[in-house]
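The values are calculated or read from the model by the stated rules, or taken from the named source; none is laboratory data. Just so it is clear, the model here is predicted, and its values are computed rather than measured. Cβ: placed from backbone, ideal geometry, glycine included. Neighbour counts: every protein chain shown. Keep in mind that these areas ignore ligands, DNA and RNA; they rest on the heavy atoms of the full protein, side chains included. Shrake-Rupley method; radii C 1.70, N 1.55, O 1.52, S 1.80 Å.
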Amino acid sequence: MKVFILLFFLSFAFGLSAQENTALLCSKSRIKNYENSLYVRETGNQNDFDLGFYKLYIDVNYVSKQISGKAEITCYSKINNLNELDFDITSSLSIKKIFSNNKSLSFEHNSDVLKVFLDKKYSTGQKITLTIEYYGQSGATFHFDTKYSLPMIWTLSEPYGSKDWWPCKNLPDDKLDSIDIIVTVQKNLIVASNGLLASTDTIENKIQYHWKERYPISSYLVSLAIYPYKIKTDYYYYDGGKMPVLSYIFASDYESDKDKYNVVPVMLEVLSSYYGQYPFIKEKYGNAQFLWGGGMEHQTLTSLLGPYEYLMVHELGHQWWGDMITCKDFHHIWLNEGFASYTEALWAEYKSGEFGLHSYMDSKKYLGHGTIYVDDISQSGRIFSGALSYNKASWVLHMLRHVVGDSTFFEILQQYAQSDKKYDVATTEDFAKICKNVSGMDLDRFFNQWIYGDYHPVYLYDWNYREDMGKYIVDLEIEQFQLENIFSMPIDITIKTGSGKETFVIQNDDKLQKYIFELNNKPISLILDENDWILKEVKEGIDMVNHDNSEMLLSVSSFGSFGHNVPDGLGYGLIFPREGENRLFYGSLIFGNSSDYVVDNSEKDKVLDFKKKENSSISIYKTNISNLDINTVYTDKNHPESKDVEINQTSYSWSLAPFRDFIIVKYDIKNKGNKDIDNLYIGQFMDFDIGDYLENYIDKNEDERLIYQSADNIFIGIKLLNRNSENPVFTGLLNAVDNWDENIKFDYLSGQNNAFLTDKQGDWSSLLSSGPYTLNAGDSMSISFAIIGGTNKDQLFVSADYAQSLFDHYLTGTDNIYPDQTNTIAILYPNPVNDKIHIEINSPKIQHSKISFYNVDGKKVYL
Ligand SMILES: [Zn+2]
């Protein structure tokens, strides 16, 4: 069956429509905007000088879609003998001239890098002034657009687009000390930009806007938004002053939208109470409409699509986190986006209290792969990953808040805002250091696991209680079941009793940990992380473990199911090849002797006939048989006609090539009842769905006892490994979910019915069974299958042979399941040997080993 993964964005309770999803609005727009923009690496030379003041003149010609510009630049040498300056500026703009101290300077302009050769050598700390004049066609991030038939000109430079319209350092780490932005446009247009408007001057039929930004600013935060706007002016009143709050609104939208901006001064007040005073208080805050589908936190003047509340609060949050303190490079973009995203949650909390906070964070849950730290900063899609840089990163702050406590958390934010990183740039380590200093806690592991580490914890827990001298002793066992990494987190444990509830905080930092609590009242329920402070998955009482031998991943439950659909949502399924998709809807052991007694975990009605044996738990071993064994014991007790059959299931996976393409499952089946069971058929059912599940083929090879499905050059099969098994039955089932009742199951299991058609494409499932057997009371029998993958048919068959070899060598017979682990075991392949043999030795400790070869007569032939 096909699994439909429904991705949707929760957006209830706050008047936030799906269209307004801020991570989506904020990230998607930038990804789109920069799809084609090239990442320009800082040239070594750019580390040799420090940018100071800029006076940037831009003359915008809407008709010719060209600009001409002049940048008067002040900078300072950081080395001795500096005689060259490198700036980033697109090659589509032409350099007219460059001069310094009235002397013209020579330059080279290639591949978006402008090398300016200075008139002399400058020493450390020495001031350099120069003027660069340029003209032509700006790059893709400077947009000539129209809205309501009127010119709309806008920029969105993050991450690497500043060079599209002015000579700069394209990376954020060297902030300009300040900048004047002087823009000339046709008379009917209004230019909105950073800082304060110093003057407007009419020059013939044009108008010149002179903006002054006196706070330090990263190049990507310099912006223009130009349109015949209608301006709404509000004020943010604070202790001892007022600051203008401007809204540049498309005139046609003004009447309908103007009131929606009334909330901005309130947001300024609320966020200033959380983070410290608005950082550009001597200037202004504003929002200017532009034409991309989202927002961009340009310093003192956000550009946005429209007045969406949560988008506006997100971009305002950026004024502290992104603009005042900017990520040093885009590896650490979460310091911008995670913080702005958490600002949304704080706004929800401000409006709707705790419920608002937790509901909002719930909508930002991301339970997938990837690190928050951006490894590849050449891809804007990766930098602005909504899942990681926004959602998961906001969860890191949310979790930090709970780990350090509410008041410490806000103290951290206030101190970070006032730290030496104020109006500067920061890395994760800078922020972590402040957290450590303020909280007095060692948070290294917290930041390592959440910023640099992948995944999230999957907590599996089981609990029970006993009465002891009038007290109730609760035993809790927590196991971390995620694929990678062990997380260290404090977890709130809430135990409800007849007279209320008690909450305990435990520290959980190991794969398997046990805890004991003492209560005066009888416990009714136990909840792990009741208020959802941890980004996690929780499973109670059911175990699902993954084999992952780097080529094949198979989720195995503690009660007979494989895959992820029974029970719902558990496990990863069957992934093959390792970078491929899930190929399994669900699978399970199936056995029975009549339509009244077929035991399986059916997907159709989700009736689980198998039941985990009481007081047993699924166990993982690394033995010298395989690299990972998973052992579990379960029974037929959930079946209404239970015959007291117990199954000891062990699955084996190997991480050595060429044994990575299969997993062996061995079932030791014991009749613990007091009646013999005859006419017993036993099989492995697997509902493989390869690629397009409606177009799978099915085939078999009876000599190899192998049944397999295929599509798109992926072959997945089941092999019956017992060479002496009774009458193997190879059954293909079409649309098993529709046609899978107890009568049909037994007919298929026992080979009385079969829909097997090799040339029909469809939604096949595979069943490979064998029988009839008689299992007398008290007796056991063993049957083993391999689940095998191949990226072509030959490979499938080769891997099937390897699986058979390992089975023959290690797993025949009922002893030798867990041999003495101190033995050293060699794995030989291929078997039989042709001209070469590969010898892999598994040893529990480093030791001298000697290998000798003997022929069949017992004569030593080598070494
Ligand atoms: Zn943002």
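Sketch the reach of a paramagnetic label on residue 133 as a point 7 Å from Cα along Cα-to-Cβ, and name the residues of the stretch 81-106 whose backbone nitrogen lies under 14 Å away.
94-105
For an R0 of 41 angstrom, estimate the FRET efficiency from the Cβ-Cβ distance between residue 524 and residue 429 and round to the nearest 0.05.
0.35
Using 0.36 nm per residue, how much length does the chain from residue 415 to residue 798 gain when fully extended, once their Cα-Cα distance is taken away? Please report the intermediate quantities before stating the final value.
Values: separation 383, 0.36 × 383 = 137.88 nm, distance 6.27 nm.
Once the chain is fully extended between residue 415 and residue 798, it gains 131.6 nm.
Please give the contour-minus-distance gain from residue 442 to residue 406: 0.36 nm per residue of separation, less the Cα-Cα distance, rounded to one decimal in nm.
Net length gain for the segment: 11.3 nm.
Which FRET efficiency value, to the nearest 0.05, do you get for residue 473 and residue 642 by plugging their Cβ-Cβ distance into 1/(1 + (r/R0)^6) with R0 = 25 Å?
0.20
Tell me the label-point distance for the pair residue 614, residue 758, using the 7 Å Cα-to-Cβ offset, in nm and rounded to one decimal.
5.1 nm
When the distances between all Cα atoms of the stretch 350-391 are binned every 5 Å from zero, what whole-number percent does each bin get?
So the P(r) values, bin by bin, are 5, 22, 22, 16, 13, 11, 8, 3.
Full extension from residue 779 to residue 739: what is 0.36 nm times the residue separation minus their Cα-Cα distance, to one decimal in nm?
11.1 nm
In whole Å, how far is the Cα centre of the stretch 721-760 from that of the stretch 83-140?
Answer, in whole Å: 76.
For the stretch 688-729, compute Rg over Rh where Rg is the Cα radius of gyration and Rh is the Kirkwood radius from the inverse mean 1/r over Cα pairs.
1.06
How big is the stretch 349-446 by Rg and Dmax over its Cα atoms, in Å?
Looking at the stretch 349-446, its Cα Rg and Dmax stand at 14.7, 40 Å.
Roughly how many Å is it from the Cα centre of the stretch 455-472 to that of the stretch 259-289, as a whole number?
After rounding, the separation between the Cα centres reads 47 Å.
Send over a whole-number figure in Å² for the accessible area per residue of the stretch 34-228, probe 1.4 Å.
With the other protein chains kept in place, the stretch 34-228 gives 39 Å² per residue.
In nm, to one decimal, how far is the modelled label at residue 513 from the one at residue 379, with both set 7 Å along Cα→Cβ?
About 3.5 nm separates the two model spin labels.
Roll a 1.4 angstrom probe over the protein heavy atoms and tell me the percent of accessible area of the stretch 676-725 that is carbon or sulfur.
Exposed carbon and sulfur together represent 33 percent of the surface.
Please work out the Kirkwood hydrodynamic radius for the stretch 458-540, using every pair of different C-alpha atoms, and report it in angstroms with one decimal place.
One over the average 1/r among Cα pairs gives 13.2 Å for the stretch 458-540.
Compute from the Cα atoms of the stretch 243-336 the Rg and the Dmax, the latter being the longest Cα-Cα distance, and quote both in angstrom.
Cα radius of gyration and Dmax of the stretch 243-336 are 13.1, 42 Å respectively.
Any chance you could check the Cα centroid distance between the stretch 354-381 and the stretch 764-785 for me, in angstrom?
About 47 Å separates the Cα centre of the stretch 354-381 from the one of the stretch 764-785.
Please tell me the relative contact order of the stretch 544-816 in percent, rounded to the nearest whole number, where contacts are Cα pairs under 8 Å and at least six residues apart.
Values: 738 pairs, mean separation 52.5, N = 273.
Dividing the mean separation by the residue count of the stretch 544-816 yields 19 percent.
Using just the Cα positions, wrap the stretch 34-228 in a convex hull and report its mean projected area in square nanometres, one decimal place. Kindly include the intermediate steps, with their values, before the conclusion.
On the way: hull surface 43.0 nm².
Result: a mean projected hull area of 10.8 nm².
On the principal axes of its Cα set, how long, how wide and how thick is the chain? Give whole Å, largest value first.
104, 73, 57
Taking Cα pairs under 8 Å and at least six residues apart, what relative contact order does the chain come out at, in percent? Don't skip to the answer; put the middle values down first.
Working: 2025 pairs, mean separation 60.0, N = 863.
In percent, rounded to a whole number, it is 7.
Using the beta-carbon distance between residue 503 and residue 656 and R0 = 51 Å, what value does 1/(1 + (r/R0)^6) give for FRET efficiency, to the nearest 0.05?
With R0 = 51 Å, the Cβ-Cβ based efficiency is 0.60.
With a point put 7 Å past each Cα toward its Cβ, work out how far residue 120 is from residue 200 in nm, to one decimal.
It works out to 4.4 nm between the two label points.
Select from the chain the helices, each a whole stretch of DSSP H, whose alpha-carbon atoms run 30 Å or more along the helix axis and whose Kyte-Doolittle mean is at least 0.0; answer none if there are none. Walk me through the intermediate numbers first.
Numbers: long enough: none.
Going by DSSP H runs, there are no hits.
So what are the three principal axis dimensions of the stretch 673-789 from its Cα atoms, in whole Å, longest to shortest?
Reported extents, whole Å, longest axis first: 48, 29, 19.
How large, in percent, is the carbon and sulfur part of the accessible surface of the stretch 232-300 at a probe radius of 1.4 Å?
Of all accessible area on the stretch 232-300, carbon and sulfur atoms account for 49 percent.
Based on the mean of other Cβ atoms within 10 Å per residue, sort peptides 394-400, 740-746 so the most packed one is first.
Numbers: 394-400: 23.4, 740-746: 17.1.
So the peptides 394-400, 740-746, ranked by packing, come out 394-400, 740-746.
Can you give me the P(r) profile for the stretch 225-296? Cα pairs, bins 10 angstrom wide beginning at 0, each as a whole percent.
Bin by bin from 0 Å, the calculated values are 19, 48, 27, 5.
If we sort 310-320, 271-281 on the protection proxy, mean other Cβ atoms within 10 Å, highest first, what's the order?
Descending packing order for the listed peptides: 310-320, 271-281.
Suppose a student asked you for the relative contact order of the stretch 425-475, using Cα pairs under 8 Å spaced at least 6 residues apart; what percent would you report?
This gives 17 percent for the stretch 425-475.
Name the shape class, rounded, prolate or oblate, that the alpha-carbon gyration tensor gives for the stretch 144-245, where a ≥ b ≥ c are the square roots of its eigenvalues, rounded holds for a/c under 1.5, and otherwise prolate holds if a/b is larger than b/c and oblate otherwise.
Here the stretch 144-245 falls in the oblate category.
Tell me, Kirkwood radius of the stretch 544-816 from alpha-carbon pair distances, in Å?
Value: 18.1 Å, from the Cα pair sum.
Out of 182, 311, 691, whose Cα points farthest toward the positive end of the dipole of the chain (charges: +1 Lys, Arg; -1 Asp, Glu; placed on Cβ)?
Working it through, the farthest residue towards the positive pole turns out to be 182.
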